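Working notes, beginning with the structure itself.
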């Protein structure tokens, strides 16, 4: 029996995550024109309240109720049904209703629509049980269809992907990874058999497919007789189910047992002559998928930054509640200094990420200069790799700041660290992205564009390296570029 005077530690608490976020509020006030500001601030305030309350509770339940794959019904018929929790479905409805994808394509705020949308995502993501992942692929698919889809896809799929109506809203998968590789798609073995026109049948195994309960997916495949390597690949649109709700010749082998992102259904599957539509021309798959990766990598960065913010909010709250050695943690100078240093890392990541988001917004409405277009290309891999690695480091410190409580599962703190690790893996690992930046330097003279906007004198030694030395030091270069850009943004 518990004693009435027995001590129990108060838990860390969250309040309205928009009102509590001085960095986000200051940024919105500084960059959003007055004509749009009131509407945006009011909406962000509403979303911040839900993120600290209703959505947070939904996400915790969703993460406890993992997806379940049932391959056969009671009569032995193959059905491959993936059951997801009611809470996960409610978080999907919330994303549609709040326009977390739609805002970017309605473009009612012109070039500032992306900043507005990314602010919505930033508030939603930490309380979404990683539904932000399907949203990233949905947004990427919408952009790819907007740029490369035919009129039928634009009238049908694009309309659903960008809908605010939960009954009409679609999400999209992104099926690139096969047994032969993830970022390296050159060994893709899925074959596309042409039927007529732009219609094909796809056959092959996809080793890692996230958001497998989505209505559609984009995937790479090699047309029959196509060239070897990545140059022979094409991009295809797939609808997962037919009009009767039956999978379109798709066999789901298993759900992946992952380190984190427990609520997110991730599967291994095989396509058996699955109907598909070619997007763009044959052999242009890698080129066409670039428009998707630009979006998903920026999403990854926003989610990493918001993940840091959530961890720091919890750590700061706990520091005002936990007493040790005669006083609150927040009153210990070393503890306070540690949290302040983590806050600095977060703010650097926030600045870089929302700067890149602003470039994306300008590019999509045709207001980016040629130099800004190159900056967007160059900084997209940089912001993704930089924020991902910083998120892991910051989240590890957050867990430590809770002491033993941070290691206990039902405090929800360990989940933060497990989930943080995915940011450096999704959409390209650190080394893959660092090498991608080198390609931007080689093909688009990215360092020259960066030097026109920021002080890059500290990178002079990298330019003296041989091509092989540049590859060896690509990660070091990428982080140096990120720090130089952040320093320049601080001076604006």
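Estimated at 0.36 nm per residue, the fully extended path between residue 180 and residue 249 surpasses their Cα-Cα distance by 22.6 nm. Once you divide the Cα radius of gyration of region 311-456 by 2.2 N^0.38 Å, the number left is 1.31. Based on C-alpha pairs under 8 angstrom that are at least 6 apart in sequence, region 6-91 has a relative contact order of 24 percent.
Counting other beta carbons within 10 Å of each residue's own, what order do 419, 184 fall into, fewest first?
The most exposed by this proxy come first: 184, 419.
From largest to smallest, what semi-axes in whole angstrom does the chain give when each is the square root of 5 times an eigenvalue of its alpha carbon gyration tensor?
Output for the chain: semi-axes of 36, 30, 22 Å.
The equivalent ellipsoid that matches the C-alpha gyration tensor of region 440-492 spans semi-axes of 20, 12, 9 angstrom, in descending order. Spin-label model, residue 74 to residue 461: label points 7 Å out along the Cα-to-beta-carbon direction sit 7.2 nm apart. Over region 230-348, the hull volume per residue, using the convex hull of the C-alpha atoms, is 182 Å³. Taking label positions 7 Å along the Cα-Cβ direction at both residue 46 and residue 320, the computed distance is 2.7 nm, reported to one decimal.
Highest mean packing comes first when the peptides 146-158, 375-387 are listed by Cβ atoms within 10 Å, giving 375-387, 146-158.
Rg/Rh for region 115-239 stands at 1.00; both radii use Cα atoms, and Rh follows the Kirkwood definition. Ordering of 114-124, 390-400 by packing is 114-124, 390-400, highest average first (other Cβ atoms within 10 Å, averaged per residue).
Note on region 355-417: the alpha carbon radius of gyration divided by the globular reference 2.2 N^0.38 Å gives 1.70. Here the relative contact order of the chain, from alpha carbon pairs under 8 Å that lie six or more residues apart, stands at 13 percent. All C-alpha pair distances within region 22-161, sorted into 10 Å bins from zero, spread as 11, 33, 31, 18, 5, 2, 0 percent across the bins. With the simple model of a label 7 Å out from the Cα in the direction of the Cβ, residue 97 to residue 452 spans 4.6 nm.
For residue 203 and residue 81 in one chain, what is 0.36 nm times their gap in residues minus the Cα-Cα distance, to one decimal in nm?
Additional length available on full extension: 41.9 nm.
Just need the relative contact order of region 58-107 here, percent rounded to a whole number, with Cα pairs under 8 Å and 6+ apart. Reported as a whole number, the value is 33 percent.
Sort 113, 189 so that the residue with the fewest other Cβ atoms within 10 Å of its own Cβ comes first and the one with the most comes last.
189, 113
The distance linking region 191-263 with region 452-479 is 38 Å (Cα centroid to Cα centroid, whole angstrom). Cβ crowding within 10 Å, taken as a proxy for footprinting-reagent exposure, orders 298, 79, 40, 413 from fewest neighbours to most as 79, 40, 413, 298.
Can you give the FRET efficiency to the nearest 0.05 for residue 9 and residue 224, using r as the Cβ-Cβ distance and R₀ = 51 Å? Working from the Cβ atoms, E equals 0.20.
Only the coordinates and a few stated rules stand behind these numbers; no lab work does. Please read all numbers here as calculations on a predicted model, not as lab measurements. Here the Cβ is made from the backbone with ideal geometry for all residues, glycine too, and neighbour counts use every protein chain on show.
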